[in-house]
Amino acid sequence: MTSIDRQAFSTHIKKMCNFLEEYYTLIIGAIIFLITLQIYNSQVTSEYKFIASLVWLGFLTAYSDMRKDVKWVPFIILCIPLFLFLAYICLNGYGIWQSILAFERRIGPLFNLDALFKSIPFNDASFARIYKSENLTWFMRLVYNTGYIACPLMCFYRSIIIKDLKKGLKYLCSAHVFQIFLISPFYITCFLQEVWYVLGDPDGVGRVFHSQAEKEMTVINCFPSMHTSIAFAAFLLVLREKDKIFKYLWGFYCLSVIYSTLYLEVHWLLDVVGGLILGYFSVKLADFVFGKIDKKIKPLLDRYYYKDKTISIDTNISAEQ
């Protein structure tokens with residue numbers, strides 16, 4: 001092979017790599033969509049089909065938000081400890097939460113809010129159930145059962161696709177990471193059970209309880225609503241996304257999760273109000289923390305992480321300017 005041939009071959013390889021780096025989200029998203037088509041015709045649960053849809057949706061809507069100023073190697077290196085942490089949480093998160101509940105049972109709550117919340121007019125959110133249908137109930141159960149995890153996790157997953165590590169970390173911290181510490185004092189001191197249980201109605205979520213003890217442990221920890229706080233935190237951050245399809249579609253999903261807590265008689269109206277306040281505060285806390293960190297590590301990021309040192313770390317999140 002002559003030097004001219006080698007140069008032409010190298011040029012073609014470079015063009016191919018540039019093409020893949022430019023359009024890899026669309027290519028992978030289209031392939032995954034074709035693969036998951038068979039899932040929709042299978043007998044798996046609606047929740048499974050919904051989660052499968054998130055995979056291709058994340059790729060296909062990521063193109064306009066891609067970070068082209070980030071180097072691949074340092075990005076992958078930084079992702080390794082993050083995914084190890086997530087793996088640890090997946091394996092041990094339930095046990096950690098059970099430990100919190102056990103501590104809660106040992107000390108006992110200071111305030112029983114059942115009677116107070118029941119006595120407040122409109123606090124049972126009956127207005128949210130003026131219209132009910134089988135299809136709407138099915139959808140509300142779907143978003144309620146998936147929203148606690150999917151609201152921030154989908155956004156984190158999509159942030160990794162577009163090589164925006166800061167955005168992904170902000171989604172995680174604004175949701176479970178910060179909120180588990182912010183909300184635990186309320187759950188430890190305030191005893192409040194779900195609306196349907198206090199009112200003596202059927203469980204709107206349609207859960208199956210194998211014992212009375214299991215039911216009693218499930219219907220507590222209502223104020224504030226963590227479904228609401230997590231969904232609202234994700235919603236506030238989703239509003240900063242560039243891609244309009246993802247912004248509107250996932251924003252609607254996050255708001256649907258909040259509404260489902262009222263429609264299914266899980267949370268009281270004041271639970272949801274408290275969750276909205278907590279979600280807003282959590283996002284602002286994340287903005288403050290990451291703003292402080294940015295100032296400390298910006299020289300290192302400019303040197304080792306970004307391709308163009310003149311591009312600010314917040315270029316891709318214009319809403320934070």
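The values are calculated or read from the model by the stated rules, or taken from the named source; none is laboratory data. These figures come from a predicted structure and were not determined experimentally. Backbone-built Cβ (ideal geometry, glycine too); neighbour counts: all protein chains shown. Protein only, heavy atoms only, side chains kept; ligands, DNA and RNA dropped before computing areas. Shrake-Rupley method; radii C 1.70, N 1.55, O 1.52, S 1.80 Å.
Things worth noting here:
- Ranked packing of 201-207, 80-86, most packed first, by mean Cβ within 10 Å: 201-207, 80-86
- Cα-based shape type of the range 1-82, given that a ≥ b ≥ c are square roots of the gyration tensor eigenvalues and the cut on a/c is 1.5: prolate
- Accessible area in the full protein assembly, largest first, 1.4 Å probe, for Phe75, Phe103: Phe103, Phe75
- Toward the positive end of the charge dipole of the range 1-130, with +1 on the Cβ of Lys and Arg and -1 on the Cβ of Asp and Glu, the farthest Cα among Thr25, Ser53, Phe103 is that of Thr25.
- Surface share of carbon and sulfur [accessible, 1.4 angstrom probe, percent] for the chain: 70 percent
- If R0 equals 45 Å, the separation of the Cβ atoms of Phe209 and Arg303 corresponds to a calculated FRET efficiency of about 0.20.
- Residue order by solvent-accessible surface for Cys173, Cys151, Cys90 is Cys90, Cys173, Cys151, largest first, with ligands and nucleic acids left out and a 1.4 Å probe.
- Gyration tensor verdict on the range 39-181 (Cα atoms; rounded if a/c is under 1.5, prolate if a/b is larger than b/c, oblate otherwise): oblate
- Low-density loop positions, chymotrypsin sites (Phe, Trp or Tyr not before Pro), the range 178-246 - DSSP coil, at most 13 other Cβ in 10 Å: Phe209
- Over the chain, dividing the summed -39,500 (n - 2.57) contributions of all DSSP H runs of at least 4 residues by the number of residues returns a 222 nm mean residue ellipticity of -23500 deg cm²/dmol.
- Cα-based shape type of the range 75-131, given that a ≥ b ≥ c are square roots of the gyration tensor eigenvalues and the cut on a/c is 1.5: oblate
- Heavy-atom SASA rank of Ser159, Ser133 (probe 1.4 Å, accessible area, largest first): Ser133, Ser159
- Qualifying trypsin sites (Lys or Arg not before Pro) in the range 31-92, where qualification requires a DSSP coil assignment and no more than 16 other C-beta atoms within 10 Å, comprise Lys68, Lys71.
- Taking a sphere under 15 Å around the Cβ of Phe139 and counting the other residues whose Cβ falls inside, with K and R at +1 and D and E at -1, yields a net charge of +2.
- Between 0 and 90°, nearest 10: helix 72-107 axis offset from the chain longest Cα axis: 10 degrees
- Solvent-accessible heavy-atom area per residue, rounded to whole Å², over the chain at 1.4 Å: 54 Å²
- Computed about the Cα centre, the dipole magnitude for the chain is approximately 1200 debye when only Lys and Arg (+1) and Asp and Glu (-1) carry charge, each at its Cβ.
- Greater than 21 Å apart at Cα, pairs in Lys167/Lys247; Lys167/Lys295; Lys247/Lys296; Lys14/Lys166; Lys247/Lys292: Lys247/Lys296; Lys14/Lys166; Lys247/Lys292
- Dipole axis of the chain (+1 Lys, Arg; -1 Asp, Glu on Cβ), positive-most option in Trp250, Pro121, His227: Trp250
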